[in-house]
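What follows is one structure encoded as structure tokens, with my remarks underneath.
The values are calculated or read from the model by the stated rules, or taken from the named source; none is laboratory data. Remember, it's a predicted structure, so these values are computed and weren't measured experimentally. Methodologically, a virtual Cβ is constructed for each residue, glycine included, from the backbone with ideal geometry; neighbour enumeration extends over all protein chains shown. For accessibility, only protein heavy atoms count, side chains too; no ligands or nucleic acids. Shrake-Rupley method; radii C 1.70, N 1.55, O 1.52, S 1.80 Å.
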Amino acid sequence: EADIYQTPRYLVIGTGKKITLECSQTMGHDKMYWYQQDPGMELHLIHYSYGVNSTEKGDLSSESTVSRIRTEHFPLTLESARPSHTSQYLCASARGGTDTQYFGPGTRLTVL
Amino acid sequence: QQPVQSPQAVILREGEDAVINCSSSKALYSVHWYRQKHGEAPVFLMILLKGGEQKGHEKISASFNEKKQQSSLYLTASQLSYSGTYFCGTHAGTSYGKLTFGQGTILTVHP
């Protein structure tokens with residue numbers, strides 16, 4: 001099982017602010033993912049990475065950006081937060097082969 | 001394309017059984033099952049690989065019918081702790097490294 005961490009767990013912020021959601025994993029997994037999930041709803045892939053300096057947009061269009069400078073770190077940034085960005089953001093990582101994904105605890109973002 | 005899960009919701013009493021289905025229109029390489037409790041992150045339950053195998057984990061087992069591109073999750077003698085939303089994630093082989101998740105099935109177990 002992967003050890004994967006997300007900070008902050010909860011964030012309430014005003015419109016227009018720049019925010020960065022942190023995600024780190026200690027298992028050396030090459031693949032990392034960001035999902036957006038509204039309460040009780042399905043998981044939407046917004047970004048993924050197959051390794052350092054590799055990032056791709058997911059199936060759901062998002063105004064956020066990501067970077068992957070180190071294997072263990074995959075931060076997500078919103079340059080100007082809006083109320084429509086209010087959601088839960090889940091980070092996951094996967095080992096090779098079966099691509100089984102392990103999720104972090106999530107960041108619940110509220111934009112006022 | 002997103003796999004389709006059925007039913008959308010199921011309510012059980014402790015000790016009852018349930019089946020959750022996951023169907024895809026694409027040829028699948030693997031199916032992954034996750035459970036998410038309210039306010040928590042999804043937790044990996046098991047993976048079914050191409051080949052039509054069946055796997056079990058205590059009273060939770062699953063099967064994968066490669067010809068029908070369908071997987072079923074079986075929960076027997078349900079416990080209160082089984083409550084949550086169950087998601088299947090499918091890997092179509094061509095989508096290297098990515099899983100496509102179904103819409104989820106809400107399972108509620110009452111005493």
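Over the whole of B:35-41, what's the average partner chain Cβ count within 10 Å per residue? Rounded to a whole number, please.
The mean count of partner-chain Cβ atoms within 10 Å per residue comes to 4.
How high is the relative contact order of the stretch A:4-111? Use alpha-carbon pairs under 8 Å, at least six apart in sequence, and give a whole percent.
Computed value for the stretch A:4-111: 37 percent relative contact order.
Considering only protein heavy atoms, with the full assembly of protein chains and a 1.4 angstrom probe, order B:T85, A:T26 by accessible area, largest first. Let's see the in-between values first.
Numbers: B:T85 25, A:T26 90 Å².
Correct descending sequence by accessible area is A:T26, B:T85.
As a quick test, which of the pairs A:K31/B:K98; B:K37/B:K59; B:K50/B:K98; B:K26/B:K68; B:K37/B:K98 have an alpha carbon distance above 21 angstrom in this structure? Let's see the in-between values first.
Values: A:K31/B:K98 9 Å; B:K37/B:K59 18 Å; B:K50/B:K98 16 Å; B:K26/B:K68 10 Å; B:K37/B:K98 23 Å.
With Cα atoms farther than 21 Å apart: B:K37/B:K98.
Starting from the residue with the highest accessible area, list A:T77, B:T108 in decreasing order, probe 1.4 Å. Intermediate results must be reported in sequence, preceding the final value.
Values: A:T77 25, B:T108 45 Å².
Descending accessible area places them as B:T108, A:T77.
If one puts a single equal scatterer on every Cα of the stretch B:4-110 and applies the Debye formula without solvent, what log₁₀ I(q)/I(0) results at q = 0.12, 0.17 Å⁻¹?
-0.36, -0.72
What are the ³J(HN,Hα) values, in whole Hz, obtained from phi via the Karplus relation 6.51 cos²θ - 1.76 cosθ + 1.60 with θ = phi - 60°, for each residue of the stretch A:30-46 in sequence order, with x given for Gly and Pro?
Computed from phi, the couplings for the stretch A:30-46 are 6, 9, 9, 9, 10, 10, 10, 9, 7, x, x, 10, 7, 8, 10, 6, 10 Hz.
In peptide A:36-43, how many Cβ atoms from other protein chains are near each Cβ within 10 Å, on average?
4
Taking a probe of 1.4 angstrom, what is the accessible area of B:L99 in Å², to the nearest 10?
B:L99 exposes around 0 Å² with every protein chain in place.
Residue by residue through the stretch A:91-105, which ³J(HN,Hα) values in whole Hz follow from phi under the Karplus form 6.51 cos²θ - 1.76 cosθ + 1.60 (θ = phi - 60°), with glycine and proline marked x?
9, 9, 9, 9, 8, x, x, 7, 6, 5, 9, 10, 9, x, x
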